[in-house]
Amino acid sequence: MGRFYSSPFSYFHFVQSKVLKIKIQPEKIAYLRFILEGYSHLAVVTVEDSKKGIVSLHFFPSEEFLIMEILENLQNERLLFK
């Protein structure tokens, strides 16, 4: 029999994920992605509209508190939001 290979991200499709759509400064999209991926791929960042700065964050429900805490800290520091 052949070996079964699955991508580490294939599990993501079988578990119910949450999606949060936010608007940030367009020039800060890469920074947000860098921050969230720096937390061991805490969320998958999908760019919906790069000119308007609209992105979707896909994450596991168990990580919602941490996601919201990070976004709140970034907002308080005025690093992402207008």
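Since every read-out is calculated from the coordinates, none of them should be taken as a lab result. A quick note: this is a predicted structure, and the numbers were derived from the prediction, not measured. In this analysis, Cβ positions are derived from the backbone assuming ideal geometry, glycine residues included, and neighbour counts consider all displayed protein chains.
Here are a few things to note about the model shown:
- Nearest-20 debye value, region 16-76 charge dipole, Cβ charges on Lys, Arg, Asp, Glu: 260 debye
- Restricting region 29-82 to chymotrypsin sites (Phe, Trp or Tyr not before Pro) that sit in a DSSP loop and have at most 14 other Cβ atoms within 10 Å of their own Cβ leaves Tyr39.
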